[in-house]
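Visitor: Pasting in a structure now, in structure tokens, and then I'll have a few things to ask.
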Amino acid sequence: MTALTVTARLPARRYLIGAVLAAWVLGHALLSGRDTLPLGGAELTPLHEGANEAWDTVDDNRNSNPFFLYFVNYIRLVLDESVRFVQALISQPSFGRPVPLLGWLGVVALAAAITYLFGNIRVALLTVAGFVSFGLLGLWAESMDTLALTLTAVAYSLAVGIPLGVWAGLSDRFNRFVTPVLDFMQTMPTFVYLAPLTLFFLIGPASATIATMIYAIPPAIRITAHAIREVSPVTLEAGASLGATAAQSLRHVRLPLARRTIVVGVNQTIMAALSMATIAALIDAPGLGKTVLKALQTLDIGAAFNAGLAIVIMAVVLDRATTAASRRVEAQRRTGREISAFFRRVEVTVALGIAAVLSYLSYTYVWAAVFPAEANIGSYVRRAADAASAWVQDSLAGFTDALKNLVTYGLLNPFESLLAGSPWWLVFAAGVAIAALVGGVRAAITAAVGLAALIGLGLWQDSMVTLAATLVATLLVMALGVAAGVWIGRSDRADAVLRPVLDAGQTMPAFVYLVPILGLFGPTRFTAIIAAVVFAAPVAIKLVAEGIRGVPATTVEAARSAGSSPWQVITKVQLPMARGAVALAANQGLIYVLSMVVVGGLVGAGALGYDVVAGFSQHQLRGKGLAAGLAIVVLGIVLDRVTRAAQARTDRLGVIKED
Amino acid sequence: MRDQPVLDVRGLWKVFGPRPERAVGTTLSRQELKETTGCVAAVRDVSFTVRPGEVFVVMGLSGSGKSTLVRCLTRLVEPTSGEILFDGDDIRRADERRLRELRRHRLAMVFQHFGLLPHRCVLDNVAFGLEIRGSARAERYKRAREVLELVGLTGFENSYPDQLSGGMQQRVGLARALAVDPDLLLFDEPFSALDPLIRREMQNEVIRLHREVGKTMVFITHDLSEALKLGDRILIMRDGELVQMGTADEVVGAPADDYVRDFVSDVPRSHVLTLRWIMRDAMEGEPLDGPELDPDLVIRDAVRVVLSADRPVRVVRDGALLGVVTSAEILEMIAR
């Protein structure tokens, strides 16, 4: 019964969507340029001015209002001092000395000792090479600033995240409470909460630490909870049958068995923290991010590349080191300690002893404290990158321009003109109608409220320009995601080759992508779109590949034995059966693309991204920047809800049909 | 005193679902109960006693509620209704602390999938129960080594579970249960994850251990031959209900219903039944000076004597003649 009505309605709905789009295009052709609600770059609405004033009020009362005096300012103080303390240790002149307590030699030795003791000799060597290269690139102090901020944020994130994760692992009720909160923290575009944070915690290390924690805590909580949950019930039952108390079974069973997964969580937390610590340069966080940001703002490709390289190296070192640590945990679990306790004690003593001696040297002697300036190859790297970028831009101009023009004129301009050039009421009506058709009533209501909010924020046209770019980027992401995802999902060899590349792509801080793409295409809207695509594609590809792999082998075999060609297997069996994963990939692709909007604003994307960036740097625009950040969140929520509703709908359809 | 049961279970119910108390006492079938209340009765009104030193086997197919039943005994699954008297105390009334004490000292369980701790070596796994009840290190290692020797794992103290074969892992599980020196050992299908040869070896191991340490055991299995081999008495379950309870030869010789009859139809009866099942009263004029045999002798072991005797074999217990057996009865039994 139901199946009949639903399948009968399906094509009808598709025609309706087509009709709405056709009406929209027609309306656009007739009414183009009318009622588009434009707002110039420096223009402000009363709302933005009100936000400015509110901000000024907060600034004026920062040291008298009890909420700030006894709460916010204390947090700020503690976090600022924590970061400064680590900086004093490794990166900034301190305690009346012209250099930090530990010079480069000491830091390198200590890092090597730690990675050796928790990992193995290979990652220790990699760590030495990586850290020395920071000095060689001429970015020792900046790198150490980034490291200090990252490590402080990681320490706080783990101190908060692991206990909460254990709690969420043990208690279903707490887990139900915390999951949507984490979802929200993770779907919120990262740059958006920077501005509100500075409102409370001023620009500087404290805001940067909190921003980093917001981004880095969710994986810590999630993965710890998952690790605690996945402990085999049989083992737990065996413990209970022997009379273990809840505390005993946590200590002797759950935690030891969860350890390896928790270390994976630590890895994710560190990578997230590093990514955010560089982005926090937008609110004046110290370190490599600031160098990249300055270089991006002055379009200094060489300097941006140099600092970007240092970030990549740091990401690789931190990733490898924590991965090696988790492998070691796993190895111990499988085979027991491979060495005797005595030998281990000797090893620890020797490693720490050497580190201590070298640290003392770096405390005492200038040559071991300050990285030798004559070994600086940073300027060569910068010049080489500049030259390479110039060469690429000149000689590949034919290709890159063609690509740029194709996307710009073929996709971006029509979309932008349709969204930003039509009267607002037409876009509004069409948007709500489409949301209703693909996602149902609730999606339509969300869309209506969201679009109304964009008008209220005074940023309608900017939002539409950003939306157009986001949709184009998402289309490209999905094209790439389905093509590469199907390939990886079907071929083990492709999986083996591409997966590490994707993993690496995901661990890289978002800034880093901009540099080579900027070098290729120069500062345009298109550059921003490509950066977003590169950032979002790995997630989409992985999700699609996962879905394709999830299709039961017997079903594929049955299709093949019926004489399907590979193309038929893909289009008639694998993709339809993986449509849940594809829908999820589209949803995640959108979220990731949207989170790059602000970064895009740095390289010429304009619109909301530019408004946010301008808000960071120009005093009178910060109210508008705040509104723009809010507009991005609104866009994110609307797109997320509508795609999710659509996804739920296809899932439901699937169930009914399969009945 | 000696015959007071170790375990006395009376009217035990376990119902899963919303407001399970409602379903206690129901006579509805599984399907009807599910439809009317949304509940599933995994154990329905089961009563039995386990005598000291006995191996008591609970047998049933998967879904018959036997694993739930054994978990109810130590309240790993909380029973819905009924009494579980362990040495006269109702386990269901024990509070958290008392229950833990019982589990730590008096009951121990062996699991189908072993439930070993992969991050601990064999010795630490075996000592785990002693560790959580607070024994000193030296003492618990000493005890663990003793038990490891008992189960034949000396030399593997420092191995890790995943370095051992399935059979050896289950020996560790067995040792862990024995280490706490419990009054009652519970086995939840301990050997069904093992291959047939190892399974037989482990069954013999249990028989040997039972002879050596004399523990009372409750043994869950879905394998009839295992049940017949190990069980002093067997309880057969279906859909949560007790279908039949008795010794191996009672189950095979006098199945309570078609379900059990079907179940035991493949069993070679001469391997299970005793002379008691085929003897008949002596007919008039029959010579009564043939060889004497015990009524509890399994037929298989009596074949040679009966067939080679030229006159009826007398079945005698405590000097009293219970009946006679001739080759006719033996052949009829074997031919059936």
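Visitor: Counting only protein chains, not ligands or nucleic acids, how are B:M283, A:M478, A:M144 ordered by accessible area (probe 1.4 Å), most first?
Guide: Descending accessible area places them as B:M283, A:M478, A:M144.
Visitor: Would you compute, for the Cα atoms of the protein assembly as shown, the largest minus smallest coordinate along each principal axis and list the three values in descending order, in whole Å?
Guide: Here the spans come out as 126, 79, 61 Å, largest first.
Visitor: Turning to a different aspect of this structure: What net charge do the residues around A:A295 carry, taking every other residue with its C-beta under 14 Å from that of A:A295, with Lys and Arg at +1 and Asp and Glu at -1?
Guide: Within the 14 Å Cβ shell, the charges total +1.
Visitor: Name the aspartates and glutamates eligible as straight-distance cross-link partners of B:K215: C-alpha to C-alpha under 15 Å, and not fewer than 8 places from it in the same chain.
Guide: Result set, ordered by chain and number: B:D3, B:E54, B:D87, B:D181, B:D183, B:E205, B:D232.
Visitor: Classify the range B:142-193 from the C-alpha gyration tensor, please: rounded if a/c falls under 1.5, else prolate or oblate depending on whether a/b exceeds b/c.
Guide: oblate
Visitor: So, one more: Nearest 20 debye, what's the magnitude of the dipole of the range A:62-386 about its Cα centre given +1 on Lys and Arg Cβ and -1 on Asp and Glu Cβ?
Guide: Dipole of the range A:62-386, to the nearest 20 debye: 720 debye.
Visitor: Looking at the square roots a ≥ b ≥ c of the eigenvalues of the Cα gyration tensor of the range A:482-580, which shape do they give, rounded for a/c under 1.5, prolate if a/b is larger than b/c, or oblate?
Guide: Note, shape of the range A:482-580 comes out prolate.
Visitor: Ok, one more. Given the Cα-Cα distance of A:D60 and A:I17 and 0.36 nm per residue of separation, how much length would full extension add, in nm?
Guide: Between A:D60 and A:I17, full extension yields 10.3 nm more.
Visitor: Please report how far the C-alpha centroid of the range B:120-152 lies from that of the range B:47-105, rounded to the nearest whole angstrom.
Guide: Cα centres, the range B:120-152 to the range B:47-105: 25 Å.
Visitor: Let me ask something additional. Could you tell me how many degrees, from 0 to 90 and to the nearest 10, lie between the Cα long axis of helix B:196-213 and the main elongation axis, the longest principal axis, of the Cα atoms of chain B?
Guide: With both axes taken from Cα atoms, the answer is about 90 degrees.
Visitor: Moving to a separate point now. Taking Cα pairs under 8 Å and at least six residues apart, what relative contact order does the range A:62-386 come out at, in percent?
Guide: For the range A:62-386, the relative contact order is 29 percent.
Visitor: Considering only chain B, what is the antiparallel percent among its DSSP beta bridges, to the nearest 5?
Guide: For chain B, the DSSP antiparallel bridge percentage is about 55.
Visitor: Between helix B:137-150 and chain B, what is the angle of the helix's C-alpha long axis to the longest principal axis, kept within 0 to 90° and rounded to the nearest 10?
Guide: The two axes meet at around 20 degrees.
Visitor: So which of B:K14/B:K229; B:K66/B:K142; A:K542/B:K66; A:K404/A:K572; A:K290/A:K404; A:K404/A:K542 end up more than 32 Å apart, counting from Cα to Cα?
Guide: On the way: B:K14/B:K229 29 Å; B:K66/B:K142 35 Å; A:K542/B:K66 44 Å; A:K404/A:K572 34 Å; A:K290/A:K404 29 Å; A:K404/A:K542 26 Å.
Among B:K14/B:K229; B:K66/B:K142; A:K542/B:K66; A:K404/A:K572; A:K290/A:K404; A:K404/A:K542, the Cα-Cα distance tops 32 Å for B:K66/B:K142; A:K542/B:K66; A:K404/A:K572.
Visitor: Need one value for B:95-103: mean number of C-beta atoms belonging to other chains within 10 Å of its residues' C-beta atoms.
Guide: Numbers: counts 0, 2, 1, 0, 2, 6, 1, 1, 6.
Per-residue shielding by partner chains comes out at 2.
Visitor: Quick test of the membrane-span-like rule: which DSSP H helices of chain A reach at least 18 Å along their long axis (C-alpha atoms) with mean Kyte hydropathy at least 1.6?
Guide: Working: long enough: A:2-31 (42 Å, 1.10); A:46-60 (21 Å, -1.08); A:73-90 (25 Å, 0.69); A:104-118 (21 Å, 2.07); A:121-136 (22 Å, 1.93); A:140-170 (43 Å, 1.16); A:172-187 (22 Å, -0.22); A:205-229 (35 Å, 0.81); A:255-279 (35 Å, 1.10); A:301-335 (49 Å, 0.53); A:341-364 (34 Å, 1.12); A:378-395 (25 Å, -0.39); A:424-439 (22 Å, 2.12); A:441-456 (22 Å, 1.86); A:460-490 (43 Å, 1.35); A:492-507 (22 Å, -0.27); A:525-550 (37 Å, 1.43); A:579-595 (24 Å, 1.01); A:622-658 (53 Å, 0.45).
Qualifying helices: A:104-118, A:121-136, A:424-439, A:441-456.
Visitor: If you don't mind, there's one more thing I want to ask. Around B:A144, under 14 Å between beta carbons, what's the net of Lys plus Arg minus Asp minus Glu among the other residues?
Guide: Result for the neighbourhood of B:A144: +2.
Visitor: Given 37 °C and 0.692 mPa s, how large is the Stokes-Einstein diffusion coefficient of the range B:271-335 in µm²/s, with Rh as the Kirkwood radius over Cα pairs?
Guide: D = 286 µm²/s.
Visitor: What aspartates and glutamates sit close enough to B:K34 to cross-link, taking a C-alpha to C-alpha distance under 15 Å and skipping anything fewer than 8 places away on the same chain?
Guide: B:E21, B:D239
Visitor: Shifting gears a bit: How many percent of the accessible area of the range A:160-257 is carbon or sulfur, using a 1.4 Å probe?
Guide: Using a 1.4 Å probe with all protein chains present, the range A:160-257 comes out at 68 percent carbon and sulfur.
Visitor: In Å², rounded to the nearest 100, what is the total accessible surface buried by chains A and B against each other with a 1.4 Å probe? Could the numbers behind the result be given before it?
Guide: Details: alone 30640 and 16290 Å², together 44910 Å².
For A against B, buried area totals roughly 2000 Å².
Visitor: Add -39500 (n - 2.57) for each DSSP H run of 4 or more in chain B, then divide by its residues: what number comes out at 222 nm, to the nearest 500 deg cm²/dmol?
Guide: -10500 deg cm²/dmol
Visitor: Here is a further query. Inside 10 Å of the C-beta atoms of A:241-254, what's the mean count of C-beta atoms belonging to other chains?
Guide: Other-chain Cβ atoms within 10 Å of each residue's Cβ, averaged: 6.
Visitor: Turning to a different aspect of this structure: Largest first and in whole Å, give the semi-axes of the range A:62-386's equivalent ellipsoid, each being the square root of 5 times a Cα gyration tensor eigenvalue.
Guide: Working through the eigenvalues yields semi-axes of 35, 28, 18 Å.
Visitor: Ignoring ligands and nucleic acids, what accessible area does A:S32 show with a 1.4 Å probe (Å², nearest 10)?
Guide: My reading of the accessible area for A:S32 is about 70 Å².
Visitor: Compute the label zone of A:A483 within the range A:378-403: residues whose backbone N is under 14 Å from the point 7 Å along Cα-to-Cβ.
Guide: A:403
Visitor: Rounded to the nearest 5, what % of the DSSP beta bridges within the protein assembly as shown are antiparallel ones?
Guide: 55
Visitor: Next question, about the same structure. How would you order A:104-113, B:54-63 from highest to lowest mean count of nearby Cβ atoms within 10 Å?
Guide: In decreasing order of mean packing, A:104-113, B:54-63 become A:104-113, B:54-63.
Visitor: Still on this structure, I have one more. Please report the relative contact order for the range B:54-147, taking Cα pairs under 8 Å with a sequence separation of at least 6, and give it as a percent rounded to a whole number.
Guide: Working: 39 pairs, mean separation 13.4, N = 94.
In percent, rounded to a whole number, it is 14.
Visitor: Something else: Let me check I've understood the local charge: for A:A605, count other residues with C-beta under 15 angstrom from its C-beta, Lys and Arg +1, Asp and Glu -1. What total comes out?
Guide: Its environment carries a net charge of -1.
Visitor: Can you give me the solvent accessible area of A:D394 with a 1.4 Å probe, rounded to the nearest 10 Å²?
Guide: Using a 1.4 Å probe on the heavy atoms, I get roughly 120 Å².
Visitor: Decide, for chain B, between rounded, prolate and oblate: order the square roots of the alpha carbon gyration tensor eigenvalues as a ≥ b ≥ c, take rounded if a/c falls under 1.5, and otherwise choose prolate if a/b is larger than b/c, else oblate.
Guide: On the way: a/c = 2.15, a/b = 1.41, b/c = 1.52.
It is oblate, given that a/c is not under 1.5 and a/b is not larger than b/c.
Visitor: Given DSSP loops and a limit of at most 16 other Cβ atoms within 10 Å, what is the longest stretch of chain A that contains no such GluC sites (Glu not before Pro)?
Guide: Here the longest segment lacking exposed loop sites spans A:339-659.
Visitor: Next up: Please check: in the Gaussian network model of chain B (C-alpha springs, under 10 Å), which one of B:R280, B:R176, B:R103 has the largest mean-square fluctuation.
Guide: B:R280
Visitor: Next up: When Cβ neighbours within 10 Å are restricted to other protein chains, what is their mean count per residue of peptide B:111-120?
Guide: Taking the mean over all residues of the peptide, I get 6.
Visitor: The range A:147-174 to the range A:210-234: how many Å between their Cα centroids?
Guide: Here the answer is 7 Å between Cα centres.
Visitor: Counting each DSSP H run of 4 or more residues in chain A as -39500 (n - 2.57), what helix-only mean residue ellipticity at 222 nm follows after dividing by all residues, to the nearest 500 deg cm²/dmol?
Guide: -26500 deg cm²/dmol
Visitor: Amide H neighbours of B:Q244 under 5 Å, counting only residues 5+ apart in sequence or on other chains, H built in-plane at 1.01 Å?
Guide: B:I236
The values are calculated or read from the model by the stated rules, or taken from the named source; none is laboratory data. As the structure is a computational prediction, the values presented were derived from the model and not from experiment. With ideal geometry, Cβ positions are generated from the backbone for all residues, glycine too; neighbour counts draw on all protein chains shown. Protein only, heavy atoms only, side chains kept; ligands, DNA and RNA dropped before computing areas. Shrake-Rupley method; radii C 1.70, N 1.55, O 1.52, S 1.80 Å.
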